[in-house]
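Have a look at the structure below, then the notes.
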Amino acid sequence: MKKLTVKEAYALLTDGLEEPLKIQYVTHCLHVGDLAALIADGLGLDAEYAQTLGYLHDVGRRIDPANHAYAGYVFLKEKGLDDYAAICLTHSFLNNDVGCTCGVPLPEDCLGYGTIKSFVETHTNTDYDRIIQTCDLLCTSDGAVPLNERLRDIESRKGRHAGSDRHRAAAQAQLRAFEERLGHPVSDFYGKIR
């Protein structure tokens, strides 16, 4: 596996982007990566790897905002970064379930649906996958917020569906599990991210 530095991941995320797009999604990715690094470090994991995954989880928004998971996956695969490409697909779907997502579910007619569904359902989620999923649900472009606040925000913009309650419960359980392992609330890290 080619391991990216934080600087290399940042360049993949930002190079060539116009300023308004940078403000809208890049700061969210930076917050996710920075929080992921703190959680990973607190768990004795590779903080830099977690940070780079956080920076790149939404890289597909630069290509196709409506189908960013698949676009990011393809973008990073084409660069030979398969281990990083995976986070683009796994970050939105808790419990290896394409229906366990915040906002409207993934449309079956979207580009790459079969690839996404097959990958998500057969991939063995790691601590890194779960850290990025959790941080994605805690971070906005303004910083980190309580989980329920972030879920309400996403659902107000993207809607609710039959799997919304299942997603909310899975997200809360995942956050609690990390906090138990850390021995303190994840919110203790909020003041330490950009």
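The values are calculated or read from the model by the stated rules, or taken from the named source; none is laboratory data. Since we're looking at a predicted model, the values are computed, not measured. We place every Cβ from the backbone using ideal geometry, glycine too, and count neighbours over all the protein chains shown.
Answer with yes or no whether I154 is modelled with pLDDT of 95 or more, out of contact with any Pro (no Cβ under 8 Å at 6 or more places or on another chain) and not in a loop (DSSP other than H, G, I, E, B). Steps first, answer last, please.
On the way: modelled with pLDDT of 95 or more: no; out of contact with any Pro (no Cβ under 8 Å at 6 or more places or on another chain): yes; not in a loop (DSSP other than H, G, I, E, B): yes.
It is false that I154 is modelled with pLDDT of 95 or more, out of contact with any Pro (no Cβ under 8 Å at 6 or more places or on another chain) and not in a loop (DSSP other than H, G, I, E, B).
Test L89 against the stated conditions and say whether it is touching a His at 6+ places or on another chain (Cβ under 9 Å), at negative phi, in contact (Cβ under 8 Å) with a residue 60 or more places away in the chain and surrounded by 16 or more Cβ atoms within 10 Å (Cβ to Cβ). I'd like the intermediate steps shown before the answer.
Values: touching a His at 6+ places or on another chain (Cβ under 9 Å): yes; at negative phi: yes; in contact (Cβ under 8 Å) with a residue 60 or more places away in the chain: no; surrounded by 16 or more Cβ atoms within 10 Å (Cβ to Cβ): yes.
No.
With respect to N125, determine if the residue is assigned to a loop (DSSP other than H, G, I, E, B), of a type in the set (S, T, N, Q) and either modelled with pLDDT of 95 or more or surrounded by fewer than 19 Cβ atoms within 10 Å (Cβ to Cβ) (or both). Please lay out each step first, then the result.
Values: assigned to a loop (DSSP other than H, G, I, E, B): yes; of a type in the set (S, T, N, Q): yes; either modelled with pLDDT of 95 or more or surrounded by fewer than 19 Cβ atoms within 10 Å (Cβ to Cβ) (or both): yes.
In short, yes.
Provide a single number: the residues in region 150-190 that are without any contact (Cβ under 8 Å) to a residue 24 or more places away in the chain, within 27 Å of E19 (Cα to Cα) and either surrounded by 11 or more Cβ atoms within 10 Å (Cβ to Cβ) or touching a strand residue (DSSP E or B) at 6+ places or on another chain (Cβ under 9 Å) (or both).
2
Among what's in region 5-38 and is of a type in the set (D, E, K, R) and in a helix (DSSP H, G or I), pick the residue that is nearest to G54 (Cα to Cα).
Result: D34.
If you scan region 44-62, which residues turn out to be under 18 Å from N125 (Cβ atoms), surrounded by fewer than 24 Cβ atoms within 10 Å (Cβ to Cβ) and aliphatic (A, V, I, L, M)?
L45
Out of the residues in region 1-22 that are touching a residue at least 60 places away in the same chain (Cβ under 8 Å) and farther than 19 Å from C135 by Cβ, which is surrounded by the fewest Cβ atoms within 10 Å (Cβ to Cβ)?
M1
Failed condition for D142, given (1) acidic (D, E); (2) exposed (fewer than 12 other Cβ atoms within 10 Å of the Cβ); (3) closer than 16 Å to V104 by Cβ, with all others met?
So the condition that D142 fails would be (3).
Of the residues R130, R194, only one is in contact (Cβ under 8 Å) with a residue 24 or more places away in the chain, surrounded by 13 or more Cβ atoms within 10 Å (Cβ to Cβ) and either within 17 Å of the chain's Cα centre (by Cα) or not in a strand (DSSP E or B) (or both); which?
Within the list R130, R194, the selection yields R130.
Can you tell me which of T122, T140, T126 is closer than 21 Å to D46 by Cβ and either among the polar types (S, T, N, Q) or in contact with a strand residue (DSSP E or B) (Cβ under 7 Å, 6 or more places away or on another chain) (or both)?
Just one listed residue meets the conditions, T126.
Does D83 fit the bill of being in a helix (DSSP H, G or I), modelled with pLDDT of 95 or more, touching a Lys or Arg at 6+ places or on another chain (Cβ under 9 Å) and acidic (D, E)? Show your work before the answer.
Values: in a helix (DSSP H, G or I): yes; modelled with pLDDT of 95 or more: no; touching a Lys or Arg at 6+ places or on another chain (Cβ under 9 Å): yes; acidic (D, E): yes.
So D83 fails the test.
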